Amino acid sequence: MTVQDAGTRGFEPPEPDLTPDELVARAVELREPLRERQVECEAIGRLPDATVRDFIDAGFWRAVQPRRFGGYEFDLTTFHRIATELSRGCPSSGWVYALTAAHNILVGMFEEQAQVELFGDGDFRCPLAAMAAPVEKVDGGYHVSNWWDYASGCDAATHFIGTAAILSDAGELLDTRWFAVRRDQFEIVDNWDTLGMRGTGSRRVVIKDVFVPDHHTVPCFNPMRPIVVMPGRHVHPNPLYRGGGPILPLLVSEVAALAVGIAQAAVDEHVEILSGRHQWGPMSPLRRDLHVFQRLLGEVTAYVDTAEATLAEIARRWTRLAERSAQGVPASDEEERRLLLVEQQTIETCCRAVDLVFRTSGSSASNKGQRVERYFRDLNMVRTHITLQYERTFENVGRMRLGLPPEMPV
């Protein structure tokens, strides 16, 4: 592509006057169409073409993209609300959205020239693979020839961000970096066949003999560098892109928003079940008329409402840390990990709600292809993610509060 002058490059988003509430309302309107596509999404193992087009047309992928490069530059709360509503319609579709669109914030922290080149015409959809793979440092950049698993949404992507490990001749880890490449620079291997989240297309990305220039990379956190300073933190005045908001909690907040949406969807389905099914058979009362089911519905509602309220606080807390960092006081390692703990427990609260809905909805709700069965599978699949193993975070936060160093990077 032609590299344009970084000092003058800029263009408005497609709908300059669009408001956050209007964009969230579009996500709400898609709830039922997404529910109708759940079976198709799971069967084909990726977002249906109609869903990709709906997301593009609505402008969802531009929600937290810098305005200078065709985005709406809305806040983290708006992003979470969109991700939650889309996940309430279809968990796999919400996962793909959440785990691609938020990375527009990360690219907003790359060097200015890289942003010009990567954001291009403003259409930017980018999964990120967190597991590091070795690359070779060469003059002016990196020679990349390797593979990365779990690239959620790679089928719908315009770009991909991988995690590079730079090793010494003796094989010792010297550094880790995130690097960005275009869609025409990677291949996809279909190795995604799992219990849940089957429609996310979290497949393997293979990159063969690609040169990635230095400015298309940024440092990422590792045991030697828990706090990252981004090279493009002064490109945009908005603290969202100033590189001071904790990176790992930002990424995990994507999953927290998804979990809230799945839990809300499970409660929606639970209401339908209670309203239309009898306790034992056609001669028994409707479940809605029995005190035990009324109490259960109140209990799961409490869990989901608590998780939703906590998600809103996560966005506010992350934003406060980003704003404080923009004023010269970056978040500490302990602050990052304690925010991560809140996100993990938000997801666990959602799991508690979905588990209760699954257990009390009756055997028919667990039949293959039923929505409650899908929500149960999907959210329990989410819990297997390496960043959500909260026992490790418990230990590390406890160590830090006692004045001891953490033992693990997550």
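The values are calculated or read from the model by the stated rules, or taken from the named source; none is laboratory data. The structure displayed is predicted, hence computed values, not measured ones. Positions of Cβ are generated from backbone atoms using ideal geometry, with glycine treated the same way; all protein chains shown enter the neighbour counts.
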What number goes with the only condition from (1) assigned to a helix (DSSP H, G or I); (2) without any contact (Cβ under 8 Å) to a residue 40 or more places away in the chain that K368 does not pass? (1)
Is it the case that region 77-86 has a residue that's surrounded by fewer than 23 Cβ atoms within 10 Å (Cβ to Cβ), over 26 Å from P48 (Cβ atoms), touching a residue at least 12 places away in the same chain (Cβ under 8 Å) and not aromatic (F, W, Y)? yes
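Here's the yes/no breakdown for (1) under 14 Å from G362 (Cα atoms); (2) under 27 Å from the mean Cα position of the chain (by Cα); (3) modelled with pLDDT of 95 or more:
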site	(1), (2), (3)
A263	no, yes, yes
D268	no, yes, yes
W280	yes, no, no
Q294	no, no, yes
Could you identify the single residue in V235, V181 that is over 30 Å from R317 (Cα atoms), of a type in the set (V, I, T) and touching a residue at least 12 places away in the same chain (Cβ under 8 Å)? V181
Taking the condition of being surrounded by 21 or more Cβ atoms within 10 Å (Cβ to Cβ), under 18 Å from A265 (Cα atoms) and among the small types (G, A, S), how many residues in region 289-347 meet it? 1
Please determine whether any residue of region 217-225 is touching a helix residue (DSSP H, G or I) at 6+ places or on another chain (Cβ under 6 Å) and of a type outside the set (F, W, Y). no
Of a type in the set (D, E, K, R), free of Cβ contacts under 8 Å to residues at least 60 places away in the same chain and surrounded by fewer than 23 Cβ atoms within 10 Å (Cβ to Cβ): is that true of E73 in this structure? no
Checked R359, R352 against criteria (under 22 Å from the mean Cα position of the chain (by Cα), among the basic types (K, R) and assigned by TED's automatic domain parsing to the domain that holds G281); the one match is R352
So, in region 196-226, of the ones that are part of a loop (DSSP other than H, G, I, E, B) and under 18 Å from A132 (Cβ atoms), which residue ends up modelled with the highest pLDDT? S202
Let me confirm something: among V189, V144, which residue is over 18 Å from the mean Cα position of the chain (by Cα), surrounded by 19 or more Cβ atoms within 10 Å (Cβ to Cβ) and under 30 Å from I44 (Cβ atoms)? V144
